[in-house]
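Since every read-out is calculated from the coordinates, none of them should be taken as a lab result. Since the model is a prediction, treat every value here as computed from it, not as a measurement. Counting neighbours? That spans all protein chains shown, and the Cβs are built from the backbone with ideal geometry, glycine included.
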Amino acid sequence: MKITFLGTGTSQGVPPIGCKSEVCLSLNPRDKRLRASIHLEWEGKSIVIDSGPDFRYQMIRAGINQLDAILFTHEHRDHTAGLDDVRSFNFIQKKSIPVYLHQRVYEVFQSQYDYIFFPAPYPGIPQIDWHIIENNNFLLGDCEIKPVFVSHYKLPVLGFVFDKFAYVTDANFISAEEKEKLKGMDVLVLNALRREPHISHFTLSEAVSLAKELGAKQTYFTHMSHQIGLHDSVCAELPDGIDLAYDGLQLILDA
Ligand SMILES: [Zn+2]
Ligand SMILES: [Zn+2]
């Protein structure tokens, strides 16, 4: 399994437009963060989690020319605003692209992307095979994927477990039952927005505590604000086995 972090920033990205903070002026490429998304190559499948506003550029930047599925965590725009660019994969692959999402998110898409659902759609719109997922494992070819239900304030959000790799963005609470699914991982990804409390995201210290509790061999944080601090200084203060992810980070896992 090959994993590429396509974006590790919060909803406005880092830097947000016009920001002159120390992090936003940093010349370290690891302090530049597109909106949160990840790519997996697993058993010959090319899988993306979320297609936010940076989706097109992320595909080009990472050289992804084939897409076998998009999995959606939730309906917030920083995770969905790039869906229209699925068209490029329709043109390349000459077929519909499978999308996996919760029923609630599907209903939001029906209003936000109404033109995709018109009975006589305009030619050239995204061609998508919709797959509704519940809290049960599902198969993508030979790949078994386990959804994990987490809470983003009051909004249920999906995390995903792929063998010994788990990805959880946009959450500030995980029930004891769902936490069990996230134990025993080789690599775990959790959201860590910033140091100050936030109504719907784990803070850095909350994410560190949870990472220790879940005990993955390696944990990476994602969905970060510029308020978290400079990448290199934050990583230097984190415990062994816990690091900030950064755009372009690639991992090769046995699976
Ligand atoms: Zn988000
Ligand atoms: Zn969100």
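Okay, residues lined up against (1) touching a Ser or Thr at 6+ places or on another chain (Cβ under 9 Å); (2) among the small types (Gly, Ala, Ser); (3) within 16 Å of ARG77 (Cβ to Cβ):
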site	(1), (2), (3)
LYS2	no, no, no
GLY7	yes, yes, yes
THR10	yes, no, yes
GLY13	no, yes, yes
PRO16	yes, no, yes
SER21	no, yes, no
ASN28	no, no, no
SER37	yes, yes, yes
Worksheet entry | Elements of type helices (runs of 4 or more DSSP H) in the range 75-120, at least 1 residues being more than 16 Å from ligand 1 (Cβ to nearest atom) and touching a strand residue (DSSP E or B) at 6+ places or on another chain (Cβ under 7 Å) | 86-93, 103-112
Worksheet item: Out of all the residues in the range 167-186, which are touching a Phe, Trp or Tyr at 6+ places or on another chain (Cβ under 7 Å) and either of a type in the set (Ser, Thr, Tyr) or within 14 Å of HIS39 (Cα to Cα) (or both)?
Response: TYR167
Fill in: Filtered residues of the range 1-25 (kept if part of a loop (DSSP other than H, G, I, E, B) and either within 21 Å of TYR220 (Cα to Cα) or within 16 Å of ligand 1 (Cβ to nearest atom) (or both))
MET1, THR8, THR10, SER11, GLN12, GLY13, PRO15, PRO16
Item to complete: Quick one: in the range 150-186, of everything that is surrounded by fewer than 16 Cβ atoms within 10 Å (Cβ to Cβ) and assigned to a loop (DSSP other than H, G, I, E, B), which residue is nearest to ligand 1 (Cβ to nearest atom)?
Response: TYR153
